Amino acid sequence: MNFTITDKPIDHPSLRETLSNPKAGAANIFEGIVRNHHEGRAVASLHYEAHEALAQKEGEAILREAAEKFDVMHVSASHRIGHLNIGDMAVWVGASAAHRAEAYEASRYIIEEIKKRLPIWKKEFWDDGEHHWVGDT
């Protein structure tokens, strides 16, 4: 298991290597990429902030849960913080297993739990110069 929070570009080739196992018949990888739109607004960039110690602890717990719930060989995830431009990778999740179903299920579980549980906040910067914390009403 390997969970990281980083203010640098996510090192996805190294993370992919963590999934290698001669017994694994499948590896499922999810890459969350910064897109240029959200809810009808043109997005210029994003900024992520985190309570890093808590996010690290919770991220590790999510990976442990996935390893216990699904028949996987390995799980890894990384979430980026700081300023991200369109096309940058914001989050990476990977799972390897003997069979594809388990790899898919574990990856889906991990990304959904990351989005729900990690103390990471996202601010969108729009093309018109305005900005907004996502989830702020």
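Every read-out reported here was derived from the displayed coordinates using simple, explicitly stated rules and does not represent laboratory data. Since the structure is predicted, the reported quantities are computational estimates derived from the model, not experimental observations. Because the Cβ atoms are built from the backbone with ideal geometry, glycine has one as well, and the counts that use them run over all protein chains shown.
Tabulated values for the structure
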{"read-out": "When residues of segment 112-137 are limited to those that are surrounded by 18 or more Cβ atoms within 10 Å (Cβ to Cβ) and closer than 28 Å to ALA24 by Cα, the one farthest from the chain's Cα centre (by Cα)", "value": "GLU113"}
{"read-out": "Search result, residues across segment 42-95 that are of a type outside the set (Lys, Arg), farther than 17 Å from ILE120 by Cβ and not in a strand (DSSP E or B)", "value": "GLU65, ALA66, ALA67, GLU68, PHE70, ASP71, ILE86, GLY87"}
{"read-out": "Residue identified as within 14 Å of the chain's Cα centre (by Cα), among the aliphatic types (A, V, I, L, M) and either surrounded by 15 or more Cβ atoms within 10 Å (Cβ to Cβ) or on the phi < 0 side of the Ramachandran plot (or both) among ILE86, ILE5", "value": "ILE5"}
{"read-out": "From the options ALA101, ALA61, residue that is surrounded by fewer than 19 Cβ atoms within 10 Å (Cβ to Cβ), of a type in the set (A, V, I, L, M) and more than 15 Å from the chain's Cα centre (by Cα)", "value": "ALA101"}
{"read-out": "Where a residue in segment 85-98 is farther than 25 Å from GLY25 by Cβ and touching a residue at least 40 places away in the same chain (Cβ under 8 Å) and its partner, wherever it lies, is among the charged types (D, E, K, R) and outside any strand (DSSP E or B), with Cβ under 8 Å and at least six apart", "value": "ILE86/ARG35"}
{"read-out": "Subset of segment 33-64 (residues that are within 28 Å of LYS23 (Cβ to Cβ), among the charged types (D, E, K, R) and in contact with a helix residue (DSSP H, G or I) (Cβ under 7 Å, 6 or more places away or on another chain))", "value": "none"}
